[in-house]
Amino acid sequence: MTDAESRYERIEVPEEHPENRVHDFREVLHSYTREEAMLEAQRCLQCALPFCVEACPITQDCRGYIGLVANGQFDEAAHLTLRENPLASTLCKVCYHYCEDACIMRGRGVPIAIRHLKRAALEFGNPNLEYIPSAPRHERIAVVGAGPAGIMAAWELCLRGYSVTIFEKQRAVGGQAGAIPHYRMPNHELLIDLQRFRNFDLTFVEGKAGGRDFTPTSLLAEGYKAVFVAIGASKASYPGVPGEALPGVLPALEFLYDVNQGRPVVLGKKILVVGGGDVAIDAVRTARRLSPGATVTMAYRRTREESPAGEEEIRETEPEEVDFRWLLSPLKVLGTDRVEGMVFQQMELSAPDASGRRAVRPIDGATTTLECDTIIMAIGEKADLTGFPPELGLKIGTKGWPEGSHPDFMTNVEGVFAAGGRSVVHAMAAGTKAAESIDAYLSRKEGRPASPRPDPFGGDTTPPPHPDGYSSPVWKP
Ligand SMILES: Cc1cc2nc3c(=O)[nH]c(=O)nc-3n(C[C@H](O)[C@H](O)[C@H](O)COP(=O)(O)OP(=O)(O)OC[C@H]3O[C@@H](n4cnc5c(N)ncnc54)[C@H](O)[C@@H]3O)c2cc1C
Ligand code: SF4
Ligand code: SF4
């Protein structure tokens, strides 16, 4: 193979063999060696206009760290990565790598393994760095919800010298990222990331729920200068069909949390997962690992091509003894005391809908019944706004989480902001925007200029917000 040809072949990411990995929660994807990482990084063209950077919701300078990995400068690559990405240990395992979708090499072969090179930067470079806050401002901000959006906002605000308290209703931090199965994120990577926050004036208060123990307005009255509501989407959605409340029907999010926390879960021998997104895929793969010998089926109302799950996730699941059933929409759950099966409406594809996805329509009179003793519902989640005052004007959009109605995420109550995101890195981008809005709001009130993000490692110079050649984001929220 010539040098030019080898540029178009990705250095294969090592993977645990399906026969071994379906019996436990060992990690599916393995690290590159140093040499493999350097070879893969050397495929990068170091584009003058880095589409990869523009596609990353947090504008991670991936071109920069890839160039350093290509030279074997792993410490420098880790430093550059962590300078703008405080959850890099998490994202190098679970990010849906929007950068790779935009990589110019995608059109010429296989995109650069940008996420996996982030992992190499942190594994072979020194990730044990610590963030340094600016001089204290003595202004305390409250964040409600310890998911990626809330944590990112806290990072931005603490770097600028604010004090932050994060109130979290669960007894653990991380939000939905805490439900990501260990075969994808085995080492509590989010807690590893949080180690770098140790110099901040940041307090986590666990087991305290907004709407029950306090409200955003009561926090303002207590003296918090601003409140960021980052409660994500923690309540399971159901399809609204008869029988869905029967014993044996489990919400996917709770199921995945319980497994990760080591709490006992009871599954039968015929497990059916309803849904077609990444959460459904995680539920089906987790059920497979917990129940050797059981049949594990996933039923979704569209086709594989139309499913919202990532191609990588589906491809990894296919050899794991899972039965995929497409074009089936739930009609009713069968059973008297417990789940015994589910009846589905058979669907067919029609013309594309407004979003460009091909719509589906029911086939008249055509139904399918699948026998099962356990159903895991994975058709979506939405925020729980119980107890949040209506004057905030919080509404749950189609995305599932509440967002302030103003362009800067401010709600109808001055000083209260709200946002979230559809992936870890999107939630982080929302957290950054909310933190910038909070800083701008408080700076306006105090008659001082808004503060740009300082060097997270305490240097004198403010790093440029974007790498050379960056024009505007490809990704729009
Ligand atoms: C099973 C699963 C797998 C996923 N896999 C991936 C993946 O591989 N890659 C990826 O990028 N994304 C993945 N996601 C999506 C990603 O985790 C979310 O998009 C992201 O966590 C959203 O961040 P957030 O901060 O907006 O909300 P959340 O993560 O939902 O965090 C909100 C936090 O607020 C807390 N909270 C809720 N209500 C209250 C209240 N009233 N008071 C106080 N606290 C409250 C919640 O307990 C939670 O901790 C996955 C999601 C799930 C469920
Ligand atoms: S954070 Fe995600 S989208 Fe951004 S560069 Fe890393 S892998 Fe790509
Ligand atoms: S778009 Fe691809 S080839 Fe170009 S700099 Fe980014 S990773 Fe490298």
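At a glance:
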| item | result |
| --- | --- |
| Whole-number percent relative contact order across the chain, with pairs defined as alpha carbons under 8 Å at least 6 apart | 18 |
| Value of [θ]222 nm, deg cm²/dmol, for the chain, DSSP H segments ≥ 4, -39500 (n - 2.57) each, nearest 500 | -8500 deg cm²/dmol |
| Among T368, L334, A351 - extreme Cα towards positive end, dipole of the stretch 236-377, charges at beta-carbon | L334 |
| For the chain, alpha-carbon Rg and Dmax in angstrom | 23.2, 70 |
| Residue-normalised accessible area of the stretch 3-124, expressed per residue, 1.4 Å probe, Å² | 40 |
| Environment charge at K208 (Cβ cut-off 11 Å; Lys +1, Arg +1, Asp -1, Glu -1) | 0 |
| 12 Å beta-carbon shell around M152, net charge (K/R +1, D/E -1) | -2 |
| Around L117: net Lys/Arg minus Asp/Glu count, Cβ-Cβ under 12 Å | +3 |
| Relative contact order (%) - the stretch 3-124, alpha-carbon pairs under 8 angstrom, separation at least six | 30 |
| Accessible area of R140 in the full protein assembly, 1.4 Å probe (Å², nearest 10) | 70 |
| Size of charge dipole - the stretch 3-124 - debye, nearest 20, with Cβ of Lys, Arg +1 and Asp, Glu -1, no other charges | 300 |
| Dipole in debye (nearest 20) - the chain, about Cα centre, beta carbon charges: Lys, Arg +1; Asp, Glu -1 | 920 |
| Cα Rg, Dmax (largest Cα-Cα span) when computed across the stretch 236-377, Å | 14.8, 45 |
| Sulfur and carbon atoms: percent of accessible area, the chain [1.4 Å] | 52 |
| Accessible surface, 1.4 Å probe, highest first, among residues K269, K93, K395 | K395, K269, K93 |
| Order by protection proxy (mean Cβ within 10 Å, highest first), peptides 64-73, 117-126, 287-296 | 117-126, 64-73, 287-296 |
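The values are calculated or read from the model by the stated rules, or taken from the named source; none is laboratory data. As the structure is a computational prediction, the values presented were derived from the model and not from experiment. Quick reminder, even Gly has a Cβ in these numbers, built from the backbone with ideal geometry, and neighbours come from all protein chains shown. What goes into the accessible areas is simple: the full protein's heavy atoms, side chains included, and nothing from ligands, DNA or RNA. Shrake-Rupley method; radii C 1.70, N 1.55, O 1.52, S 1.80 Å.
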